[in-house]
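Here the structure comes first, spelled out in structure tokens, and everything after it is commentary.
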Amino acid sequence: MNDDIWGAAREALDRIAADRTRRETIVSIASPDEAAAFRALAAPGAGRAVAEVVGDAERIFAHRVRMDHPRFYGFIPSPASPLSLVGELLASGYNAHAGSWMQSSGPAAIEQGLIAWLAERAGLPESAGGLFVSGGSMANLTGLMLARDRMLPPEERHRGVAYVSTQTHSSVAKGLGVLGFLPEQIRKVAVDAERRLDIAALGEAIAADRAAGRLPFAVVASCGTTNTGSIDDLHAIADLAARERLWLHVDGAYGASVALSGRHRALVDGLGRADSLSWDAHKWLFQTYGCGMVLVRERRHLLESFATSAEYLQDAAAGDETPNFWDYGVELTRPARAMKLWFTLQVMGERAIGDAIDHGFMLAETLEAALGERPHWRIVSPARLGIVTFRYEPPGHDGSELDTLNTAIARRMIDDNVAAPLTTRLDDAVVLRACTISPDATADDIRAMVAELDTRAQAIAAAIRA
Ligand SMILES: Cc1ncc(COP(=O)(O)O)c(C=O)c1O
């Protein structure tokens, strides 16, 4: 390796910056031939010039969905700030081992401080703690492990039942499966008209399970469902959990960021009643991937579930003020994930982050209003937490034709590289869905998208009728 590695690093950064500026194809999926060519490139050969490999990486990464594109509205986009990239670069460049205090006392102190600040913003008490994890799935798994360990004696685990809603994110059931629970130990409770967990149905399900000799132990509330941005009634669920002595895990992977909003913070009031809370920074806090947090009401609960001892770790003894984060979660070796969020927040400041979150609300409201001005567009779920679902329903088509039509509209928007709302299913029908959290998107972008949607919708409907 006789090349200029640092020169190559700068070259890679230049290419990334140029790519972000050009913002070409929104959705690019490798053709079978391209994928075969990439597979052939995977195994190492005799070694190559670094600049050549940087060029290959650029061609490989060209085949992706630009999740940070201002006109990508599918799934939960990741409109990552370039500041997060700098923070990531620092964490990766200094390569701190963030497992123990000894190996990473600087970044560990930041992680401790940032977790305390986020917990305070969520409304959790001073006893709270937590750690950075790879994302919402790992945060949910971590919170649910505490629920299992604290609420169910090991010999009774087979009788335990956890309650979710039909709109709860799939990672919750996956996490419960990893923790050893069978599908029949997960009760999917119905939702109300706003797609929030139905509290009465929850109470009935708990009573029925107790009567059948089962052990209800946890309820999962959603703060920002992926489908419609709905927020369960956190206070009502917390009251019920307290009465029934259930662990309350709140999945705020998407919506907890609203706790930092200047104008909409009240919507997530009640977050602080959680026993454990998931919160993703790679969703609505503008971080690059691999950055989530799990917060818990009592940080000692994390130690009780996760602390281990091993003779080869004895030189890294910890105290409450000097924690070893490897005792707080699943991972031993872990990157200093907190540093990129810290870097972003330090540069932007709290106010600007809050404004950027509020911008997402405004875009969704703009979308709902613009659709409402055109005929045959039905708002299926109104602007909530930056998410709108909608469906084109011209007369003369049955339900299955409308499903085909709305699927085709999304497809055409992507193929024409105009914008990428995607689809989901609600009440057994295909609906279009847009999650509008990019700070780089404008209200004009949204209105232009609606015009483009309408043109294509009319043309496709006419073709179906013909
Ligand atoms: C509400 C919710 N919870 C959990 C997750 C899982 O998070 P991750 O993909 O970061 O593992 C998601 C992902 O979109 C989500 O929207």
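The values are calculated or read from the model by the stated rules, or taken from the named source; none is laboratory data. Please read all numbers here as calculations on a predicted model, not as lab measurements. Note that each Cβ is placed from the backbone with ideal geometry, even for glycine, and that neighbours are counted across all protein chains shown. To get the accessible areas, we keep the full protein, side chains included, count just its heavy atoms, and leave off ligands, DNA and RNA. Shrake-Rupley method; radii C 1.70, N 1.55, O 1.52, S 1.80 Å.
What whole-number value in Å² describes the accessible area per residue of the stretch 351-465 for a 1.4 Å probe?
40
Using 1/(1 + (r/R0)^6) with R0 = 25 angstrom and r between the beta carbons of E304 and H158, what's the FRET efficiency to the nearest 0.05?
Using R0 = 25 Å, I get an efficiency of 0.70.
Would you pull out the residues with amide H under 5 Å of A336's amide H, same chain only if 5 or more places away, H placed 1.01 Å from N?
A96, A98
What's the carbon and sulfur percent of the chain's accessible surface, probe 1.4 angstrom, rounded to a whole number?
Looking at the chain in its full context, I get 55 percent from C and S.
Given a 1.4 Å probe and heavy atoms of the protein chains only, how would you sort D416, D358, D4, D428, largest accessible area at the top?
D428, D4, D416, D358
Just the number, please: Stokes-Einstein D of the stretch 96-348 in µm²/s, Kirkwood Rh from C-alpha pairs, 20 °C, 1.002 mPa s.
117
Per DSSP H run of at least 4 residues, take -39500 (n - 2.57); add these up for the chain, divide by its residues and hand me the 222 nm value, nearest 500 deg cm²/dmol.
-14500 deg cm²/dmol
I'd like the per residue volume of the convex hull spanned by the Cα atoms of the stretch 351-465, given in cubic angstrom.
For the stretch 351-465, the hull spanned by Cα atoms encloses 89 Å³ per residue.
Looking at the stretch 177-313, what % of the alpha carbon pairs are farther apart than 26 Å?
Across the stretch 177-313, Cα pairs with separations above 26 Å total 30 percent.
Using Cα positions and a limit of under 19 Å, work out the lysines in reach of K340, with same-chain residues fewer than 8 apart set aside.
Cross-link targets: K283.
State the volume of the convex hull built on the alpha-carbon positions of the stretch 350-400, expressed per residue in Å³ and rounded to an integer.
Cα convex hull per residue, to the nearest whole number: 58 Å³.
Find out how many positive minus negative residues lie around R66, taking Lys and Arg as positive, Asp and Glu as negative, among other residues whose Cβ is under 14 Å from that of R66.
Charge balance near R66 sits at 0.
Give me the orientation-averaged projected area of the Cα convex hull of the chain, in nm², one decimal.
Mean shadow area of the hull around the Cα atoms is 25.6 nm².
For T21, T226, give the ranking by accessible area with the largest first, probe 1.4 Å.
Per-residue accessible area, sorted high to low, gives T21, T226.
Roughly how many debye, to the nearest 20, is the charge dipole of the stretch 351-465 about its Cα centre, given +1 on each Lys and Arg Cβ, -1 on each Asp and Glu Cβ, and no other charges?
140
Want the number for E321 to R245: 0.36 nm per residue separation, take away the alpha-carbon distance, what's left?
Gain in length upon complete extension: 24.3 nm.
How much accessible area does K174 have with a 1.4 Å probe, in Å² rounded to the nearest 10?
The accessible area comes out at roughly 150 Å².
Toward the positive end of the charge dipole of the stretch 351-465, about the Cα centre and with charges on Cβ (Lys, Arg +1; Asp, Glu -1), which of G399, A443, V380 goes farthest?
So the residue furthest toward the plus end is G399.
Hey, got a sec? Which trypsin sites (Lys or Arg not before Pro) in the stretch 210-273 land in a DSSP loop and have at most 14 other Cβ atoms within 10 Å?
R245, R263
Rounded to two decimal places and with Rh computed the Kirkwood way over Cα pairs, what is Rg over Rh for the stretch 207-271?
With Rh from the inverse mean 1/r over Cα pairs, Rg/Rh is 1.07.
How much area per residue is accessible in the stretch 193-283 when the probe is 1.4 Å and only protein heavy atoms are counted (Å²)?
33
Helix by helix, which DSSP H runs in the chain go 30 Å or more along their axis at the Cα atoms and have an average Kyte-Doolittle hydropathy of -1.0 or more?
350-372, 443-465
Please list, ordered by chain and number, the residues whose modelled amide H lies under 5 Å from the amide H of V65; skip anything fewer than 5 residues away on the same chain.
Those lying under 5 Å, H to H, from V65 are S28.
Can you list residues whose amide H is under 5 Å from G135's amide H, if they're 5+ apart or on another chain and H is modeled 1.01 Å from N?
Here the answer is G292, since their amide H atoms fall under 5 Å of that of G135.
So if I place +1 on the C-beta of Lys and Arg and -1 on the C-beta of Asp and Glu, and nothing else carries charge, what would the dipole magnitude of the chain be about its Cα centre? I want it in debye, nearest 20.
The dipole of the chain has a size of about 460 debye.
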